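**Student:** The structure's right below; bear with me while I get my questions together.
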Amino acid sequence: MMYMKSAYEIRDKYLRKDMLPTIFCPGCGIGSVLQFTLRAIDDLGLNQDEIVWVSGIGCSSRVPGFVNFDGLHTTHGRALAFATGIKLTNPDLKIIAFMGDGDAAAIGGNHFIHAIRRNLDVTVILINNFTYGMTGGQVAPTALKGLRGTTAPYGQFENPFDIAGLAVAAGANYVARWSVFNYLQGINSIKKALSKEGFTLVEFLSPCPISFGRRNRMKTAPELLRWYQKITVPLAKAKKMPPEELEGKIVIGEFADRDRPGLVREYEAYKKRAKKMMGWEE
Amino acid sequence: MRYPFPVGKSDFIQGDEAIARAAILAGCRFYAGYPITPASEIFEAMALYMPLVDGVSIQMEDEIASIAAIIGASWAGAKAMTATSGPGFSLMMENLGYAIMTETPIVVVDVQRGGPSTGQPTLAAQGDIMQAIWGTHGDHMLIVLSPSTVQEAFDFTIRAFNLAEKYRTPVVLLTDAEIAHMRERVYIPSPEEIELVERKLPASEEEAKLPFGDPHGDGVPPMPIFGRGYRTYVTGLTHDERGRPRTVDAEVHEKLITRIFRKILDHKDEIISYEEFMLDDADVAIVSTGIVSRSAIRAVKILRERGVKAGMVKINTIWPFDFDYIEQLAERVGKIYVPEMNLGQLYHLVKEGANGKAEVELIAKIGGEVHTPMEIVERVVG
Amino acid sequence: MIIRGDEPEQLRLLRKLYKPGNYFMQGNEAVAYGALFAGCRFYAGYPITPSSEIAETMARELPKLGGYYLQMEDEIGSIAAMVGASWTGFKVMTATAGPGFSLMQENLGYAVMTETPLVLVDVQRSGPSTGQATKGAQGDFFQARWGTHGDHPIVAVSPISGQDAFWETIRAFNIAEKLRTPVVVLFDGVLAHTRELIKIPDVDEVEITYRKLPQNEEEAKLPFGDPHGDGVPPMPLFGHGYFTHVTGSTHKENGLRDVYTPEVHDRLVRRLHRKIEQNRHVYEKYEEHFTDDAEILVVSWGVTARPALGAVLKAREEGIKAGLFVPKTVHPFPGERMRELGKKARVILVPEMNLGQMILEVQRYVNDDVILRGVNKIGGVPLTVEEILREIRGVA
Amino acid sequence: MAKEIYSTYPMVKYLRKEALPTALCPGCGGGTVLNAFANAVDGLKLDPKDLVVVSGIGCSAWIASPYFLADTLHTTHGRAIAFATGVKVGLPDKKVVVISGDGDLASIGGNHLIHAARRNIDITVILVNNFIYGMTGGQVAPTTPFGAKTTTSPYRNIEHPLNISETVAAAGASYVARWTTAHVYQLIESIKKAIQVKGFSLVEVVSQCPVQFGRRNKMKEPAEMLRWFLKNSVPVSKAKNMSPEELEGKFVIGEFVNRQRPEFTEELNKLIDEVQEQFGLKEV
């Protein structure tokens, strides 16, 4: 068992006290994931002044307001596009994009896959709660079939997105998914993601008892956590299961861990090449 | 500093190229864009020059991402620009509002083409004047400039950067397909000849803590850019002086929005620019902007030859608009003509300004061709 | 759906589902029910405060009526899907708020250019940018008029109460269908979330309009012509074998692209403007109170019209000759009527929840001997009767 | 001359004659795609009255719009699939086909592409991938090969191309195939299959743009580009056993997926039936 700092220590070191309490509802999983992320930063000994948090719109996107770092709270779905400008302008900064599933995968789906394609050096911490919590519980593109939302009062009939799977196909350097229940794996994955070059993603199944759970007969966070335990399947096990059995399940684990050069490194080389081609440099 | 084009001498170049060179000389080191006719040549020139001056030129997946990226770059400390045309400009509206709200200095070039919708992609128009002013939602204030020659395209681009930096605001450079693609002789000054303005940075920890305050009383807060240990929080939500979201407090909202208006309107005299020609004894005035002004000048000369006491005003700053000046003008002349390449946009502003003190008549032309001087003359002499 | 001749079935369903009577509901719900009564059977949207209840009501009610609710990946996709569905014959709607409205601007221009009937509800909230997401405002007045690029006309209506929202939504559909054009409903966050007693009428009391369809092969071949001289071409819907070509690029009467000939562009864009200009009788609407002898004329719109009326009534009690002019169709602005009223007034006050937008429209139609003054308030709290009354007294 | 060609070309019956000749440059692969599409329609004996063709902005968007004689909706940049979604829901019995380019569908329109694949809505997308923005003058695209020169990557492209077919397959499409314009017969067969399949289908066609792409990358002639395609094409079955390094710069061709998954409009109508049933709204 590794030594873990108390939550109070983490809070005092990294949160803006004047912004507390947070806007999150009781039982919301965002606080847990935030804690995982801060612990990962702390364990790695990263410099607080060299990290910028970027976010879009939604409950999870309010996180950069609560942490004591440079933070850019942007428009809906566009966080990764804003991040591209920050990173390329000042490559010394580490970028953490804290996003929700609606933000990253619905309206922001295109920026998501193109940031991955470019291998933008950014770590995405993605809160997947199957719903638009802030606007009142509308169905999200990640919602499994049959789940209810205020705009799917008769149950979702569309197929869901597998965000992690999409990120792997688009070419991300590191992709992992856990539920907030898997906190140790989660922290370790974030540490790994923060240590790597290029695009890294850690997705968390995270409870939203108020906007999502209540409408799906899981009024409390523990009920949602138990449900996650039921529907998640570790990657090793999933590999041996036929597609029919995996229907309605969510696979968790590490899906990709590779070392393609990141956009910053590519652009540095590009500048050199340009000067060489123009005869400005040998 | 070495430049990838000759400086301190004249060159024969397109408007798009002039804008790109001006941006480089103004210190722009981040460009994000997306291909669109007739603005693509700006991007192509930036792609060629930027890596050579250690800047960034990146092609994003769409126009929404392009303006997002330059806002991010600006907060990381770079002077940043994007260029587009009507359809792309429409897509940028949400994030243009974000730049206004977060007081992010950026320059957005809109090379106007025939619209609405995809319309006439290769032909010039002046149909986005009102969009540049009103296109994003909510109460907002920004600066819009409009050049009429390739030389002005160059000069106004530098001015756009200076105004953006000085007032911590997005500036729209509204040009058109005609100027963008026209080649003219342009004097490209050397860096020593160019006066550049850099954004105010916080002079103390105290100032850095109020990224949306008004420590100097001019309405323009210093900008604590990222990575300097200020731990700035920036949001498009209504925020207090420290940048904290305060979305249900009416007073905070009013204070913020009125300051964003004030910081520009209080400096109207410095921002607003127009040029008068032969107006001293005129009883007919032509008010125009951009490419049409060139035909208007010629029209004034022809009218004078014919004995009509005509004069004209070329509007360089479209927004904020000098309503008061137009009212004074209306008092001096009996009639104002507004030739423009749309069905009436600048006309509305002039009419509001004239305040009933002179008759205002629109000379509209659409379809992609600039008014000929004679078309204006004929309308004036009836 | 309704346009394809199954009205009896739709009327049966409407009667069965919605009994006439007074219901206690939000303005947003009133908009949704108005749309359902107007025959809207396709809704594509994306969640955004404070408009989400419109989507939620449509998601709940549309399937009952056999209609379609789609939640798209963003606002751009929403308006795009609507245009597609409109060309198959549906009456279509979406609802959004400022940020989403900004995103829709490009495709709103496309709908203007392709003359696609649709209804777009903008529940205005306090901006710019994300601003005050839950608070009402009237800051998108000019965005509705000028938000998309290029020369374009637009029709926008603005309800002044929850009940009005029900009827104005129906009117928006009727205008859209009659003139083959997008219509914006400028609603706001205050009325959207205010619960009021709202009367749902019997279906027979609701008059609805259908778009013109081509009467013959000849008409169908000119989907962008003007066979009837009213500027409104019949709409040859997809799937009927007309082989219609629809493009947002400059096009000839037959729909084929011609982006180089100035005359073609001139003809098309001028007709689009003429279509709106010459059919004022279809959409022009305003309310007047005590305007006959008003020395102090209050001009207001949307949510602010109510406290404005309250203030005018109180002013009259105090013996002040105040009057009220409320444009219900705000774009195109009822300029002629404004000019007439402006001649009679000594002072014009324009209260609105922004820093001065409609006042610029008013200014164009009044002479300089009138004192024109804005009564502006931002921050999400509506103007009160007292605040407006104070201004009236101040100039009385 | 042109008239003669039209009179002997059997597919001309599917074309809008008043719109010909097309605006495509000599040697452009767009003509091949139009031809293949017409042949597929012909082969399936589809009545063009049962077709709606939707496109976005760009050269490839012009391939069928306005040249193909059907209902054609030429929309805004990147949004064709979202427009098509509305058309399909409104006309579930018609075949809705989107023909557009890589920049249009995979760059600015990437989100609509993956979401339509997720919904598995019964639309056929023919994506013409020529690695470049042809219409605006040859700018880099998200599909431009690593190292290729374009007007906005004048010192060679540093970004990696998006694997469109693979991404769309991962997003949940029913049918996905990739061919090049050098594989015309396979292409026709794939388009036929794609049109028939119930659900979202994508046929990616690697196509030549000698003017904007080839010229800047030492392949001025269309034939050179076709030879490049043939030389670097690898069938899916073989690609499976190759490493990512070996696959760098190759075109993997063939069918990626062909599967049955619940389809959007069918599910939507099923839901409506259930709701009407539940509330007792069905007519007896």
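The values are calculated or read from the model by the stated rules, or taken from the named source; none is laboratory data. Every value quoted in this text rests on a predicted model; they were computed, and no experiment measured them. Note that we place each Cβ from the backbone using ideal geometry, even for glycine, and neighbour counts take in every protein chain shown. Only protein heavy atoms, including side chains, enter the accessible area calculation; ligands, DNA and RNA are left aside. Shrake-Rupley method; radii C 1.70, N 1.55, O 1.52, S 1.80 Å.
**Student:** Can you tell me which residue is surrounded by the fewest Cβ atoms within 10 Å (Cβ to Cβ) among those in segment D:177-218 that are within 20 Å of residue D:266 (Cα to Cα) and within 14 Å of the chain's Cα centre (by Cα)? Lay out the reasoning, then the answer.
**Tutor:** Going residue by residue through segment D:177-218, those that are within 20 Å of residue D:266 (Cα to Cα) are D:193-202.
Now drop any that are not within 14 Å of the chain's Cα centre (by Cα), which leaves D:193-195, D:200-202.
Numbers: D:193: 18, D:194: 26, D:195: 23, D:200: 30, D:201: 28, D:202: 30.
Out of the qualifying residues, it is D:193.
**Student:** Quickly run through segment D:134-150 and pick out the residues that are surrounded by fewer than 23 Cβ atoms within 10 Å (Cβ to Cβ) and free of Cβ contacts under 8 Å to residues at least 40 places away in the same chain.
**Tutor:** Across segment D:134-150, the qualifying residue is only D:147.
**Student:** Quick check on segment C:77-96. Is at least one of its residues among the polar types (S, T, N, Q) and either at the interface with chain B (Cβ under 9 Å from one of its Cβ atoms) or open to solvent by 10 Å² or more (accessible area, probe 1.4 Å) (or both)?
**Tutor:** No, there is no match, as no residue in segment C:77-96 is among the polar types (S, T, N, Q) and either at the interface with chain B (Cβ under 9 Å from one of its Cβ atoms) or open to solvent by 10 Å² or more (accessible area, probe 1.4 Å) (or both).
**Student:** Can I ask one more? List pairs: first in segment D:49-60 and at the interface with chain C (Cβ under 8 Å from one of its Cβ atoms), second open to solvent by less than 10 Å² (accessible area, probe 1.4 Å) and part of a strand (DSSP E or B), Cβ under 6 Å, 6+ apart or cross-chain?
**Tutor:** D:52/D:71; D:52/D:96; D:54/D:73; D:54/D:98
**Student:** Could you identify the single residue in C:322, C:305 that is closer than 28 Å to residue C:167 by Cα, at pLDDT 95 or above and either over 22 Å from the mean Cα position of the chain (by Cα) or surrounded by fewer than 22 Cβ atoms within 10 Å (Cβ to Cβ) (or both)?
**Tutor:** Testing whether each residue is closer than 28 Å to residue C:167 by Cα, at pLDDT 95 or above and either over 22 Å from the mean Cα position of the chain (by Cα) or surrounded by fewer than 22 Cβ atoms within 10 Å (Cβ to Cβ) (or both) leaves just C:322.
**Student:** Could you tell me whether segment D:43-56 includes any residue that is touching a Pro at 6+ places or on another chain (Cβ under 9 Å), more than 19 Å from residue C:87 (Cβ to Cβ) and open to solvent by 10 Å² or more (accessible area, probe 1.4 Å)?
**Tutor:** Taking segment D:43-56 and keeping what is touching a Pro at 6+ places or on another chain (Cβ under 9 Å), we get none.
No, segment D:43-56 has no match at all.
**Student:** Hand me the list of strands (runs of 3 or more DSSP E) wholly inside segment B:54-150 holding 2 or more residues that are at the interface with chain C (Cβ under 7 Å from one of its Cβ atoms) and closer than 30 Å to residue D:150 by Cβ.
**Tutor:** B:120-124
**Student:** To continue, here is another question. When residue B:306 is evaluated against the numbered criteria (1) within 12 Å of another protein chain (Cβ to nearest Cβ); (2) in contact (Cβ under 8 Å) with a residue 40 or more places away in the chain; (3) more than 28 Å from residue B:145 (Cβ to Cβ), which criterion, by number, is the only one it fails?
**Tutor:** It is condition (1) that residue B:306 fails.
**Student:** Oh, and also: Considering only segment C:175-204, how many residues are open to solvent by less than 30 Å² (accessible area, probe 1.4 Å) and not in a strand (DSSP E or B)? Lay out the reasoning, then the answer.
**Tutor:** Narrowing segment C:175-204 to residues open to solvent by less than 30 Å² (accessible area, probe 1.4 Å): C:175-177, C:179-189, C:191-192, C:198, C:200-201, C:203.
The next check asks that each one be not in a strand (DSSP E or B); those that pass are C:175-177, C:179-181, C:189, C:191-192, C:201, C:203.
Qualifying residue count for the region: 11.
**Student:** While we're here: How many residues does segment D:1-30 hold that are closer than 27 Å to residue D:220 by Cα, modelled with pLDDT under 95, open to solvent by less than 60 Å² (accessible area, probe 1.4 Å) and in a helix (DSSP H, G or I)?
**Tutor:** Of the residues in segment D:1-30, 1 are closer than 27 Å to residue D:220 by Cα, modelled with pLDDT under 95, open to solvent by less than 60 Å² (accessible area, probe 1.4 Å) and in a helix (DSSP H, G or I).
**Student:** Now for a different question. Which ones in segment A:1-59 are touching a Ser or Thr at 6+ places or on another chain (Cβ under 8 Å), of a type in the set (Val, Ile, Thr), open to solvent by less than 30 Å² (accessible area, probe 1.4 Å) and not in a strand (DSSP E or B)?
**Tutor:** A:30, A:33
**Student:** So, one more: Go through segment D:230-253 and give me each residue that's farther than 18 Å from residue D:177 by Cα and among the basic types (Lys, Arg).
**Tutor:** Listed by number, the list holds a single entry, D:231.
**Student:** Please list, ordered by first then second residue, the pairs with beta carbon atoms under 8 Å, 6 or more apart or interchain, first in segment A:161-182 and within 9 Å of chain D (Cβ to nearest Cβ), second polar (S, T, N, Q) and assigned to a helix (DSSP H, G or I).
**Tutor:** A:166/D:167; A:169/D:167; A:170/D:167
**Student:** Residues that are touching a Gly at 6+ places or on another chain (Cβ under 7 Å) and in a strand (DSSP E or B): does segment C:135-150 have at least one?
**Tutor:** Yes: segment C:135-150 contains one or more residues that are touching a Gly at 6+ places or on another chain (Cβ under 7 Å) and in a strand (DSSP E or B).
**Student:** Any chance segment A:223-241 includes a residue that's open to solvent by 50 Å² or more (accessible area, probe 1.4 Å), in a helix (DSSP H, G or I), among the polar types (S, T, N, Q) and over 20 Å from residue D:170 (Cβ atoms)?
**Tutor:** Among the residues of segment A:223-241, at least one is open to solvent by 50 Å² or more (accessible area, probe 1.4 Å), in a helix (DSSP H, G or I), among the polar types (S, T, N, Q) and over 20 Å from residue D:170 (Cβ atoms), which makes the answer yes.
**Student:** Right, here's the next one. Restricting the search to segment C:272-297, which residues are within 14 Å of chain B (Cβ to nearest Cβ) and surrounded by 18 or more Cβ atoms within 10 Å (Cβ to Cβ)?
**Tutor:** If the condition is that a residue be within 14 Å of chain B (Cβ to nearest Cβ) and surrounded by 18 or more Cβ atoms within 10 Å (Cβ to Cβ), then C:272, C:273, C:275, C:276 are the ones that fit.
**Student:** Quick one: count up the residues across segment C:147-179 that are closer than 20 Å to residue C:300 by Cα and within 14 Å of another protein chain (Cβ to nearest Cβ).
**Tutor:** Count: 2.
**Student:** Right, another one. Somewhere in segment C:52-60, is a residue open to solvent by 30 Å² or more (accessible area, probe 1.4 Å) and touching a residue at least 40 places away in the same chain (Cβ under 8 Å)? Even if it seems obvious, please write down each step before you answer.
**Tutor:** Taking segment C:52-60 first, the residues open to solvent by 30 Å² or more (accessible area, probe 1.4 Å) are C:53, C:56, C:60.
Those still in the list that are touching a residue at least 40 places away in the same chain (Cβ under 8 Å) too: C:53.
Yes: one or more hits.
**Student:** Okay, moving on. Got at least one residue in segment D:230-246 being in contact with a Pro (Cβ under 7 Å, 6 or more places away or on another chain), modelled with pLDDT of 95 or more and of a type in the set (S, T, N, Q)?
**Tutor:** no
**Student:** Conditions: (1) more than 10 Å from chain B (Cβ to nearest Cβ); (2) in contact with a strand residue (DSSP E or B) (Cβ under 6 Å, 6 or more places away or on another chain). Residue A:109 meets all but one. Number of the miss?
**Tutor:** Of the numbered conditions (1) more than 10 Å from chain B (Cβ to nearest Cβ); (2) in contact with a strand residue (DSSP E or B) (Cβ under 6 Å, 6 or more places away or on another chain), the odd one out for residue A:109 is (2).
**Student:** Taking residue C:110 and the conditions (1) closer than 27 Å to residue A:78 by Cα; (2) at pLDDT below 95; (3) in a helix (DSSP H, G or I), which numbered condition does it fall short on, given that it satisfies the others?
**Tutor:** So residue C:110 meets the others, but not (2).
**Student:** Kindly provide the set of residues from segment B:327-357 that are in contact (Cβ under 8 Å) with a residue 60 or more places away in the chain, more than 10 Å from chain C (Cβ to nearest Cβ) and open to solvent by 10 Å² or more (accessible area, probe 1.4 Å), ordered by number.
**Tutor:** Result: no residue meets the conditions.
**Student:** For segment A:84-121, enumerate the residues that are buried (at least 24 other Cβ atoms within 10 Å of the Cβ), of a type outside the set (S, T, N, Q) and farther than 20 Å from residue A:166 by Cα.
**Tutor:** Result: A:85, A:86, A:87, A:88, A:95.
**Student:** If you don't mind, another one. Only residues that are polar (S, T, N, Q) and assigned to a helix (DSSP H, G or I): list them for segment C:151-174, please. Please lay out each step first, then the result.
**Tutor:** First, pick out the residues of segment C:151-174 that are polar (S, T, N, Q): C:158, C:161, C:163, C:169, C:174.
The answer is C:163, C:169, C:174.
**Student:** A follow-up question, please. Does any residue of segment B:40-47 turn out to be in a helix (DSSP H, G or I) and open to solvent by 10 Å² or more (accessible area, probe 1.4 Å)?
**Tutor:** Taking every residue of segment B:40-47 in turn, at least one turns out to be in a helix (DSSP H, G or I) and open to solvent by 10 Å² or more (accessible area, probe 1.4 Å).
**Student:** Something else now. If I filter segment B:240-248 for residues that are within 14 Å of chain C (Cβ to nearest Cβ), part of a strand (DSSP E or B) and open to solvent by less than 50 Å² (accessible area, probe 1.4 Å), do I get at least one hit?
**Tutor:** yes
**Student:** I've got another one for you. Could you list all residues from segment D:136-171 that are of a type in the set (A, V, I, L, M) and facing another protein chain (nearest Cβ under 7 Å)?
**Tutor:** Those that are of a type in the set (A, V, I, L, M) and facing another protein chain (nearest Cβ under 7 Å): D:140, D:158, D:162, D:170, D:171.
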